[in-house]
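One structure is given below, encoded as structure tokens.
Values in this text are rule-based calculations from the coordinates and carry no lab data. Given the structure is predicted, the values throughout are model-derived calculations rather than measurements. Here Cβ is always computed from backbone atoms with ideal geometry, including for glycine, and neighbour counts include all displayed protein chains.
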Amino acid sequence: MRVIILAAGQAVQLDGYNKLLIKDPLTKKTILDMYLDAFKGHDITVVLGYRAINVMHEYSDLDYVYNSDWAISNSSHSLSLALNEEPCFVISGDLFIEPDIISAVDKAGPNIIATIKRDSRTLNALNVSHDSKGVVKEIYQGKLKNVSDPEAIGIYKISSKSILKTWRSNCLEHRNLFVGQNLNLNSDDPITHLDVSKFRLQEVNTPMDYLRIISENIS
């Protein structure tokens, strides 16, 4: 199965440092190293934009797609440049993860959105509304519509060709949205969510996020 890593953004709050090169305080591995471990045996494509050469120089043997419009688009545009109808994982480039989380998503079903239960979240967070069987009914931003709605954390596994085709089309049309917002939830192939809260998953968007991770590892 193919893997698409989305890492074209500027990471303004991290002074433009490409998140894939951030080292985990615990393992000393970069985020990209952790992804390579977690997706070992898969075909990996990395979508880069701002300071792309920093990553390309360190990992010259990977397959890359360059998003020249990184400054005026969102992750949807990056995904549209790499996505086809081949079953794939899609992951944002800012997560410290352990391989077990990818194994769990892979085993959970053909079309999966990884979610976590988090009481505190920003208005930019993507929230997931689902039925009693875990089938996703809506992905939305803003105020929670239901306190039990989990948060999508930027890991997707999609196997359905019809969903993939529509996903790419939607990303081309609405390139300033997050990729999750462009998923087709009206397909005959349902998309379910998987709660991955029990696994290590830490997002790095600011220096405070990194300091928090250091503090948690020390304690």
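Here are the numbers for this structure:
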| read-out | value |
| --- | --- |
| Number of positions in the stretch 116-147 that are over 23 Å from Thr206 (Cβ atoms) and without any contact (Cβ under 8 Å) to a residue 60 or more places away in the chain | 13 |
| Residues (in a loop (DSSP other than H, G, I, E, B), surrounded by fewer than 18 Cβ atoms within 10 Å (Cβ to Cβ) and not aliphatic (A, V, I, L, M)) located in the stretch 151-186 | Ser159, His174, Asn176, Asn184, Asn186 |
| Residues that are of a type outside the set (S, T, N, Q) and either free of Cβ contacts under 8 Å to residues at least 40 places away in the same chain or exposed (fewer than 15 other Cβ atoms within 10 Å of the Cβ) (or both), drawn from the stretch 12-39 | Val12, Asp15, Gly16, Tyr17, Leu21, Lys23, Leu26, Lys28, Lys29, Asp33, Leu36, Asp37 |
| Wholly enclosed strands (runs of 3 or more DSSP E) of the stretch 40-131 bearing at least 1 residues exposed (fewer than 13 other Cβ atoms within 10 Å of the Cβ) and aliphatic (A, V, I, L, M) | none |
| Failed condition for Tyr140, given (1) under 25 Å from Ile31 (Cβ atoms); (2) within 17 Å of the chain's Cα centre (by Cα); (3) not polar (S, T, N, Q) | (1) |
| The stretch 1-38, subset outside any helix (DSSP H, G or I) and among the basic types (Lys, Arg), residue farthest from Leu81 (Cα to Cα) | Lys28 |
